[in-house]
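Notes follow once the structure below has been shown.
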Amino acid sequence: MGEAAKVAGQAKAVWLARAGIGCGLAAVLLLAAGAGLRGALVVAVGVVALALMAVGVWWALSRRGPLRWLGVLLAVAAPVGAVLLVVVTVGGGSWPWVLGAVALWAVGLLLSRAALRSARHTREMPEREVEAPRRPVLIMNPKSGGGKVAEFHLAERARELGAEVVLLDPEAHQDVTELAERAVADGADLLGVAGGDGTQALVAQVAARHGLPFLVISAGTRNHFALDLGLDRDDPARCLDALTDGVELRVDLGEVAGRAFVNNVSFGTYAEIVQNPEYRDAKAATVLAMLPDLLVGYTGAKLAAEAGGQRLERPQAVLVSNNPYDAGNLIEPGRRSRMDRGALGVLGVKVDGAAQAADLALRGTNAEGVTVLVGREVRVTADVPTIPVAVDGEALELEVPVRCVIRPGALRVRVPRDRPGTAVPVPALKWSRLAHLASGRTDANGGVQ
């Protein structure tokens, strides 16, 4: 981004922030002036409804049987009941003022998010021009993503483009690492995968070891790595365009106990869920069945995590990611707009009581029970000799201490020149950050602090 464009973008962000704050203040004044005490009642009802929703969500996740269903009912009924109560208690003459205040508040939120997004100078990962491969080898899992290899005719399309395709046998166990090493020994000058993130990580490690380019085909179920590379998840066949008209990105590769990971490594609650043999075939049902014991009556290993000179004691869950996530929640951590920052991201979750539980259910990764750390190395210890670990969704049991490291620029990723691209992350809305931006002060890089 040029200097002039950066200055213009910063000026735009400042005025958007001021407009957002102005709309918020105007909403409060309008409600106070037009609705009086009824306006205060609307605000109070809204706050209570949010709190009840948070409690309902927490019960739905952490309880079983009737109490779980009561939680679901509460999470749904709280906002409905709040609307009905407001309709009954607010007089007809106050409604225009209430609706006007709500509209102003909504516009203020939109402007505020736009301001914070404009102030974040996220640049695309640099591309490098490369020649087309002469002997590409692609490993494809026919079962991945519910059969996307067959649905999108990926094998046929790849062969038409001159690639050798190795189809995995769904009925037999095959060592993907061994297949990739054999391809390299036979002269492959590019390795690719149509499969889940776990399979991608295994082949990516071989490609990085031999300095070969790596091609990702978004044929998995969720395709987080492909998403953060800016690839098309709706049409995996478009990823094959990288064979004829591709560019190269240098991205980091995570490593835990000598094994590569492209997305993240999980410890604690989620890792124990993945260990369940029923998880692969019924993910949602297994999570719901195990969450109550893990969140409320967690009796697993007592973990501790260290990163960037900071230490997190006894979290229920730790997520270590290959580059930090920009924003998100506990179910969906978010996006990584850059995968070349040379750092691991750490999300630690520690809930000590109902108040923190409600805060966690309501605010996600912004809750007080969530700790965010960054470092080039993460060390996880426990009070037991081995702990369950989920590496890109694959269940493992590793000896403690478990050491996670980042390998900056270790992976050469071949991507299509024409692709959707990575999205500018939507930042968390923090009023202190917005007020700082509205004041016109910037950090050393010209962005909001």
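The values are calculated or read from the model by the stated rules, or taken from the named source; none is laboratory data. Computed from a predicted structure; not experimentally measured. Neighbour counts run over all protein chains shown; Cβ positions are idealised from the backbone, glycine included. Accessible surface is based on the protein model in full, side chains and every heavy atom, while ligands, DNA and RNA are left aside. Shrake-Rupley method; radii C 1.70, N 1.55, O 1.52, S 1.80 Å.
Once backbone amide H atoms are built at 1.01 Å from N, Leu398 has Ile387, Val389 as its partners under 5 Å, excluding neighbours fewer than 5 places away on the same chain. Relative contact order for region 112-188: 32 percent, from Cα pairs under 8 Å spaced at least 6 residues apart, divided by residue count.
Using a probe radius of 1.4 angstrom, the carbon and sulfur fraction of the accessible surface of region 96-137 is 60%.
Here the accessible area of region 193-259 is 42 percent carbon and sulfur, with a 1.4 angstrom probe and all protein chains present.
Place the peptides 259-270, 17-28 in order of packing, highest mean first, counting for every residue the other Cβ atoms within 10 Å and averaging per peptide.
Numbers: 259-270: 25.6, 17-28: 18.6.
Result, highest mean first: 259-270, 17-28.
Cross-link partners of Lys302 among aspartates and glutamates, defined as those whose alpha carbon lies under 17 angstrom from its own and excluding same-chain residues fewer than eight positions apart: Glu272, Asp293, Glu313, Asp352, Asp383, Glu397, Glu399. Rolling a 1.4 Å probe across the protein heavy atoms gives region 59-181 an accessible surface of 60 Å² per residue. Measuring only protein heavy atoms, the 1.4 Å probe finds Thr371 accessible over about 50 Å². With a cut-off of 15 Å between beta carbons, the residues surrounding Ala19 carry a summed charge of +4, where Lys and Arg count +1 and Asp and Glu -1.
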